[in-house]
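Each remark here refers to the structure printed beneath this line.
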Amino acid sequence: MYGAGYRKGTFIVEHQGVETEKDLSVFRNSKYVQSNIGNTFKEALGHLKAGRWVCFSGTPCQIEGFRSFLRGREYEKLVCVDLVCRGIPSPRILTRYIEAQQTLIGGEFTNVLFRDKHYGYHYSSFSIYNKERGKDYHKGVDSNAYLRAFFNNLSDRPSCYDCRFKKRYRKSDLTLWDCFPIEKFTKQMDGKGTTRVLVQSQKGKMIMDAIGNELRTVRVETDKLVSDVREMFHSVPMNPQREQFFKDCNAMSPVDFFRKWFPITWKVRLNAFIRLTCHRLGIYTFAKRMFMLVYTRKDDRK
Ligand SMILES: Cc1cc2nc3c(=O)[nH]c(=O)nc-3n(C[C@H](O)[C@H](O)[C@H](O)COP(=O)(O)OP(=O)(O)OC[C@H]3O[C@@H](n4cnc5c(N)ncnc54)[C@H](O)[C@@H]3O)c2cc1C
């Protein structure tokens, strides 16, 4: 199985292959940073030629890249899984961000999660776990600089702003992405997080049929499943300040750079306080929906 995980002992994300169920955990959690493919295409091809099963997961561009590498040849024992991908930040920004946090927090980081469920699925946080437990860090999209850069379309790689791989029909067998508005589809799930799975091929269907009984699944008509998914079809627009953002990233100290671009103003604090309070009162999703209803254009709400 191939996917994106941290290189052992570092926070550098790279594609790697694992052989055992236990090792699959390295792929867990979305890493909002470009994963280095390294030699994995070549390695995976070696396994396919030797008649072994290979499951390759990655962003849509990585999966199409892998298919091109295979020169369109079909392998019976190959399963490809891609994601709906908003866009993918440059590794340079992550490196600088971790340097900044190391200066500010100190201690020894044991894990970095881009969308941790510390406060829950609907209000996920950027979390940094430390050897000294008192130093653990959790901040939401409202006040975490890395997530603010990502969702303000400042940090993505240039190709992501004009992505050719955003489409409904993919070269994968299965496409995965989040299902935040789960109540639109079923009342049977809890609020702990649900993943949408779009079957792209006969092989993908066979897999879902085979494992369906072991998962809590609900079948949904495809048009309905993809209808609210902007990121599946449209690239995010490049922030006009992106060039300056990267210039500053290279010229300034990491702490000064993130402070300059994402200062913790009273507005930021208030936003974080309101979100956290709504989360604690158990009305986060409801409040967010109401906010969207009032403040977004009718067309954007679909
Ligand atoms: C960069 C990125 C952007 C995303 N954008 C959206 C979005 O806009 N909307 C949406 O609904 N869902 C998006 N997703 C998908 C979503 O975050 C979940 O990955 C998906 O719902 C599956 O959830 P999961 O909990 O089952 O798996 P997770 O544990 O979240 O994901 C694990 C899988 O993702 C792969 N993966 C993780 N990070 C990377 C990476 N950097 N590069 C390549 N593969 C990676 C791993 O190999 C593994 O197979 C994005 C994921 C990534 C990595």
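Quick look at the numbers
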| item | result |
| --- | --- |
| Residue within segment 141-155 that is outside any helix (DSSP H, G or I), farther than 29 Å from Ile63 by Cβ, without any contact (Cβ under 8 Å) to a residue 60 or more places away in the chain and charged (D, E, K, R) present | no |
| Top-ranked residue in segment 231-281 [being surrounded by 17 or more Cβ atoms within 10 Å (Cβ to Cβ) and of a type in the set (Lys, Arg); ranked as farthest from Tyr119 (Cα to Cα)] | Arg242 |
| Residues being assigned to a strand (DSSP E or B) and within 15 Å of the chain's Cα centre (by Cα) - total across segment 107-140 | 9 |
| Restricting segment 172-218 to residues that are away from the ligand (no atom under 15 Å from the Cβ) and of a type in the set (D, E, K, R), the residue that is farthest from His279 (Cα to Cα) | Lys203 |
| Any hit, segment 107-116, residues being touching a Gly at 6+ places or on another chain (Cβ under 9 Å) and among the hydrophobic types (A, V, I, L, M, F, W, C) | no |
| Residues of segment 220-233 satisfying the condition of being in a loop (DSSP other than H, G, I, E, B), of a type in the set (A, V, I, L, M, F, W, C) and closer than 21 Å to Arg164 by Cα | Val229 |
| Some residue of segment 235-257 being farther than 30 Å from Ala100 by Cα and within 12 Å of the ligand (Cβ to nearest atom) | no |
| Tally, over segment 176-225, of residues that are modelled with pLDDT under 90, polar (S, T, N, Q) and loosely packed, with under 11 Cβ neighbours inside 10 Å | 2 |
| Whichever residue in segment 26-83 is of a type in the set (S, T, N, Q) and part of a helix (DSSP H, G or I) and, among such residues, is farthest from the ligand (Cβ to nearest atom) | Ser68 |
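Here is a yes/no grid of residues against (1) in contact (Cβ under 8 Å) with a residue 40 or more places away in the chain; (2) of a type in the set (Asp, Glu); (3) more than 24 Å from Thr59 (Cα to Cα); (4) not in a loop (DSSP other than H, G, I, E, B):
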{"position": "Val197", "(1), (2), (3), (4)": "no, no, no, yes"}
{"position": "Lys203", "(1), (2), (3), (4)": "yes, no, no, yes"}
{"position": "Ile211", "(1), (2), (3), (4)": "no, no, no, yes"}
{"position": "Val218", "(1), (2), (3), (4)": "no, no, yes, no"}
{"position": "Ser235", "(1), (2), (3), (4)": "yes, no, no, no"}
{"position": "Met238", "(1), (2), (3), (4)": "yes, no, no, no"}
{"position": "Gln244", "(1), (2), (3), (4)": "no, no, yes, yes"}
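The values are calculated or read from the model by the stated rules, or taken from the named source; none is laboratory data. Quick caveat, the model's predicted, so the values are computed rather than measured. Using ideal geometry, Cβ is built from the backbone for each residue, glycine included, and neighbour counts are taken over all protein chains shown.
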